[in-house]
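Only one structure is covered here, and it is reproduced in the block below.
The values are calculated or read from the model by the stated rules, or taken from the named source; none is laboratory data. Keep in mind it's a predicted model, so treat the numbers as computed, not measured. Cβ coordinates were reconstructed from backbone atoms using ideal geometry, including for glycine residues, and neighbour counts include every protein chain displayed. Accessible surface areas use protein heavy atoms only, side chains included; no ligands, DNA or RNA. Shrake-Rupley method; radii C 1.70, N 1.55, O 1.52, S 1.80 Å.
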Protein chains: 2
Amino acid sequence: MKKYSVILSLLFVTFVSLCFAQETEVKEDFKPSTLNQPGQEYPQVNSQGYARFKINAPEAQNVHVSLGLGGRGGTKLTKGEDGFWTGTTEGPMDEGFHYYHLTIDGGTFNDPGALNFYGSVRWESGIEIPAHDQDFYALKNVPHGKVEQILFPSPSTNTSRRAFVYTPPGYNKDQSKRYPVLYLQHGWGEDETAWSNQGCANLIMDNLIAEGKTKPFLIVMTYGMTNEIKFGGLKDFDIKPFQTVLVDELIPYVDANFRTLSDQPNRAMAGLSMGGMETRTITLANPDVFSHVALLSGGSISMDDLEKNPDFKEKVKLVFVSYGSRELENPRRGPWGDPKENTKAIKEAGINTHFYISPNTAHEFQSWRRSLNQLAPLLFN
Amino acid sequence: MKKYSVILSLLFVTFVSLCFAQETEVKEDFKPSTLNQPGQEYPQVNSQGYARFKINAPEAQNVHVSLGLGGRGGTKLTKGEDGFWTGTTEGPMDEGFHYYHLTIDGGTFNDPGALNFYGSVRWESGIEIPAHDQDFYALKNVPHGKVEQILFPSPSTNTSRRAFVYTPPGYNKDQSKRYPVLYLQHGWGEDETAWSNQGCANLIMDNLIAEGKTKPFLIVMTYGMTNEIKFGGLKDFDIKPFQTVLVDELIPYVDANFRTLSDQPNRAMAGLSMGGMETRTITLANPDVFSHVALLSGGSISMDDLEKNPDFKEKVKLVFVSYGSRELENPRRGPWGDPKENTKAIKEAGINTHFYISPNTAHEFQSWRRSLNQLAPLLFN
């Protein structure tokens, strides 16, 4: 027994040592992140997914980066003799896009080396960790669609509101062709810029269309009016103002100003996180408006939903539910139950469903880029 | 005589006192800048054009704002007991848009309260000083055109390049109508986002069209490849790579993908600052491509130019030259001579010219917003 203990102890020590050795063996093949501002060398990323930062602030007392190993408090930078603060994340990051910011002497600022992306109700710094599957959202030499900024009248909010509309390659060529439409929502703290900036929705579509993997369709992205909601204040969230803007104002405007197929079978709604919850509520209440429904890290449709909304059950053509794998490792079951079990149950009840898990990603944009890439080929068939 | 001296002295003292009194009488009617990030209270501006800043950085040693009275070194902030650094510009700012940044403990960062705009080869903070004439670029309840992001193939640079295309209201309605095109360039350190973000080009056009003051036309904005040029390195600037992208790649793409009038009489080029210099060089060399030419704080066309380019003299329909009034108070005559005298001379030589001076503005976007507002009604008549 004692012998075994010794062997186990040795094995344990060896195992721990190996882990430490692995942790400290950071490959020195760092390159500037592809989301850096023009000409900026930092932040950098290496082939293992580590991120390295370098910030000029010679008289600062403290410089800290919010990014690091999940939940372990980010990365503390240390000052060199040249006045630059540098540091590397404690471990590799998940593949794909990450928001972050700096804390400098107690204040929140962006990394001057990185481009900015709207998230957490502020323009945050962004960094891109190279992904093994990054080809599907790469800028390639294929025909490109457009992302059109429109300002549509909104009597209910007494202003002109902004939306972005992706039109596929060739949209302007054949003036007789009409297209289905996907209404695609961002998450809490984000806005209508998220899906084309950090989500690469236009490039994902360009590439899918070039490979013949999806029908061409329009994507409409507008602000989901979610930013005033505090974390935890979801119960008080009133969907009506946004539902009015979307269903009564934006959809008629898009149908009047773009060559759309404007009937229910050709209209889909999808959203990520809080946008998924908006999608769920609005599509359940409007089964004559939307036929295809996708919730990305944003809840699911339950048997209870179907029972309460018989029209939805009858008219919906697809329910797509997706999550990052790490979200399911630590399941956060919302008020609507377990997403996987819910989706299995409504499938057995006859609903056309798809459940997708993005491997090795969390509640982050790489999960949602992949989800859109999975979703698009399933729409409007 | 002595009596008059005393009176004059008294008057002088009174005058100086009045001036000092005026300088210190800052009206406390500060409001958040219209270019703040959502929900942000600072930076603020008052009705006199003063700007006030408030930055959270409790442990910082030094916080400084680059914005202040022109050339006088910006605004130093002082720390309050709450850990916030505050300060107000020494005097009122020019009306309109201004770039700025913070210096915190020796490093350059953006104001977390303000939106970001690309200038000086970085995303800078932006602030908007209310202008007496701001109505012409306000978001109004009028029909709105679109700003379309396109990715056009560029074999000469071996990539897909980005441009933004303004299409006027109704562009998608009457599919038989074709439009003239203005190619509109940003300045040094800026990019293709400048004219619609800080320039409000789309809103200026929407408003002019709504009032029947201009023909509707397309505006195409792409990156002028100016960012690699160091200040003072202009002599080494080679226009050919950008001219190839613009004339041989972008123009054919736009003519193939939008309903343009694709002949020389219906094609204009304009640019601000360095973009004006690009416009000058490219239009002089391509009189069969462009008929209308506008240089905004970016040089002028001289008699010498006309003599060297007889085709240009024969074929150009308009030469528009503009400056901010403060630029002419301290005339910086480029290698092409005095802009006002040059423009007067070519007018006398028979060229249709317009010379516009933006009142009380410098080398800044308010001069260029006003210039576009003056220019548009003169185009394609």
Across the range A:233-260, the tally of residues that are open to solvent by 30 Å² or more (accessible area, probe 1.4 Å), in contact with a helix residue (DSSP H, G or I) (Cβ under 9 Å, 6 or more places away or on another chain) and either modelled with pLDDT of 95 or more or among the hydroxyl-bearing types (Ser, Thr, Tyr) (or both) stands at 1
Filter result (not aliphatic (A, V, I, L, M) and not in a helix (DSSP H, G or I)) within the range B:354-381: B:His354, B:Phe355, B:Tyr356, B:Ser358, B:Pro359, B:Asn360, B:Thr361, B:His363, B:Glu364, B:Phe380, B:Asn381
Taking B:Thr103, is it of a type in the set (Ser, Thr, Tyr), more than 27 Å from B:Glu190 (Cα to Cα) and within 14 Å of chain A (Cβ to nearest Cβ)? no
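Just for the range B:120-152: of the residues that are of a type in the set (Phe, Trp, Tyr) and not in a strand (DSSP E or B), which one is farthest from the other protein chains (Cβ to nearest Cβ)? Can you show your working first?
First, pick out the residues of the range B:120-152 that are of a type in the set (Phe, Trp, Tyr): B:123, B:136-137, B:152.
Then keep just the ones that are not in a strand (DSSP E or B); that gives B:136-137.
On the way: B:Phe136: 16, B:Tyr137: 13 Å.
Only one residue tops the list, namely B:Phe136.
One line per residue, one yes/no per condition, for (1) assigned by TED's automatic domain parsing to the domain that holds A:Gly224; (2) closer than 20 Å to B:Pro169 by Cα; (3) surrounded by fewer than 23 Cβ atoms within 10 Å (Cβ to Cβ):
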position: A:Tyr118; (1), (2), (3): no, no, no
position: A:His144; (1), (2), (3): yes, no, no
position: A:Leu151; (1), (2), (3): yes, yes, yes
position: A:Arg161; (1), (2), (3): yes, yes, yes
position: A:Gln175; (1), (2), (3): yes, yes, yes
position: A:Pro180; (1), (2), (3): yes, no, yes
Of the numbered conditions (1) of a type outside the set (D, E, K, R); (2) at the interface with chain A (Cβ under 9 Å from one of its Cβ atoms); (3) under 19 Å from B:Asn46 (Cβ atoms), B:Leu77 satisfies every one except a single condition; which is it? (2)
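Residues checked against (1) outside any loop (DSSP other than H, G, I, E, B); (2) surrounded by fewer than 23 Cβ atoms within 10 Å (Cβ to Cβ); (3) within 13 Å of another protein chain (Cβ to nearest Cβ); (4) in contact with a helix residue (DSSP H, G or I) (Cβ under 7 Å, 6 or more places away or on another chain):
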residue	(1), (2), (3), (4)
B:Gln40	no, yes, yes, no
B:Glu59	no, yes, yes, no
B:Gly68	no, yes, no, no
B:Asp94	no, yes, no, yes
B:Asp111	no, no, yes, no
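With the structure loaded, tell me whether B:Tyr323 is in the same structural domain as B:Thr157 (by TED's automatic domain parsing) and surrounded by 21 or more Cβ atoms within 10 Å (Cβ to Cβ) or whether it fails that test. Spell out how you get there, then give the answer.
Numbers: in the same structural domain as B:Thr157 (by TED's automatic domain parsing): yes; surrounded by 21 or more Cβ atoms within 10 Å (Cβ to Cβ): yes.
Answer is yes for this residue.
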Quick test for you: out of A:Pro168, A:Pro155, pick the one residue that is more than 9 Å from every other protein chain (Cβ to nearest Cβ), open to solvent by less than 10 Å² (accessible area, probe 1.4 Å), farther than 30 Å from B:Ser125 by Cβ and at pLDDT 95 or above. A:Pro168
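If you scan the range B:290-308, which residues turn out to be closer than 25 Å to B:Thr193 by Cβ, out of contact with any His (no Cβ under 9 Å at 6 or more places or on another chain) and not aromatic (Phe, Trp, Tyr)? Steps first, answer last, please.
Here is the first cut: in the range B:290-308, the residues closer than 25 Å to B:Thr193 by Cβ are B:290, B:292-299.
If we keep only those that are out of contact with any His (no Cβ under 9 Å at 6 or more places or on another chain) as well, we get B:290, B:292-293, B:295-296, B:298-299.
Within the range B:290-308, B:His292, B:Val293, B:Leu295, B:Leu296, B:Gly298, B:Gly299 qualify.
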Find all pairs meeting these conditions: Cβ atoms under 7 angstrom apart; at least six residues apart or on different chains; first residue within the range A:344-363 and under 25 Å from A:Gly96 (Cβ atoms); second residue small (Gly, Ala, Ser) and open to solvent by 40 Å² or more (accessible area, probe 1.4 Å). A:Ala362/A:Gly70
Hey, can you tell me all the residues within the range A:274-295 that are closer than 13 Å to A:Phe237 by Cβ and part of a loop (DSSP other than H, G, I, E, B)? none
Return only the number of the condition from (1) closer than 23 Å to B:Lys240 by Cβ; (2) without any contact (Cβ under 8 Å) to a residue 12 or more places away in the chain that B:Asp311 does not satisfy. (2)
Can you find a residue that is open to solvent by 10 Å² or more (accessible area, probe 1.4 Å), at pLDDT 95 or above and charged (D, E, K, R) anywhere in the range A:274-285? yes
Criterion violated by B:Asn56 - all others in (1) modelled with pLDDT under 95; (2) of a type outside the set (Phe, Trp, Tyr); (3) more than 21 Å from the chain's Cα centre (by Cα) satisfied: (1)
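A:Ile351: part of a helix (DSSP H, G or I) and either open to solvent by less than 20 Å² (accessible area, probe 1.4 Å) or touching a Leu at 6+ places or on another chain (Cβ under 9 Å) (or both), yes or no?
Details: part of a helix (DSSP H, G or I): no; either open to solvent by less than 20 Å² (accessible area, probe 1.4 Å) or touching a Leu at 6+ places or on another chain (Cβ under 9 Å) (or both): yes.
The answer is no for A:Ile351.
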